[in-house]
């Protein structure tokens, strides 16, 4: 193997190592965010109180609703409904899909996140 090929091989190995380190660092950063180890710049949606509310919204509502604009369903910030009525509606057959597993506390958390 010539010197030129050895140098090119060394550069390729260093380049691939750097790329792998960058990719793995993103994975660790994402795990830190999911674990709650992150810096907050004062935004309400990332503080400890809204963690469960945000999680419920993303799991149950975000596939059909956005907060500010219509997606499949209406924009949720524009609705005016109390938590008891919303709980009944989400468990009924009128809402597709229905969510019979939701508790009143879950519905309250989702409403708190929406507002």
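In the set 63, 45, only one residue is closer than 30 Å to residue 109 by Cβ, within 14 Å of the chain's Cα centre (by Cα) and at pLDDT 85 or above; that residue is 63. Given (1) at pLDDT below 80; (2) under 17 Å from the mean Cα position of the chain (by Cα); (3) surrounded by 10 or more Cβ atoms within 10 Å (Cβ to Cβ), identify the lone condition not met by residue 24. Answer for residue 24: the failing condition is (2). Please enumerate the residues belonging to the stretch 66-97 that are part of a helix (DSSP H, G or I), closer than 16 Å to residue 107 by Cβ and free of Cβ contacts under 8 Å to residues at least 12 places away in the same chain. Matches in the stretch 66-97: 85, 88, 89, 91.
Out of curiosity, is residue 53 modelled with pLDDT of 55 or more, under 21 Å from residue 112 (Cα atoms) and in a helix (DSSP H, G or I)? In short, yes.
The values are calculated or read from the model by the stated rules, or taken from the named source; none is laboratory data. Note that the structure is a prediction, hence the values are computed from the model and not measured. With ideal geometry, Cβ positions are generated from the backbone for all residues, glycine too; neighbour counts draw on all protein chains shown.
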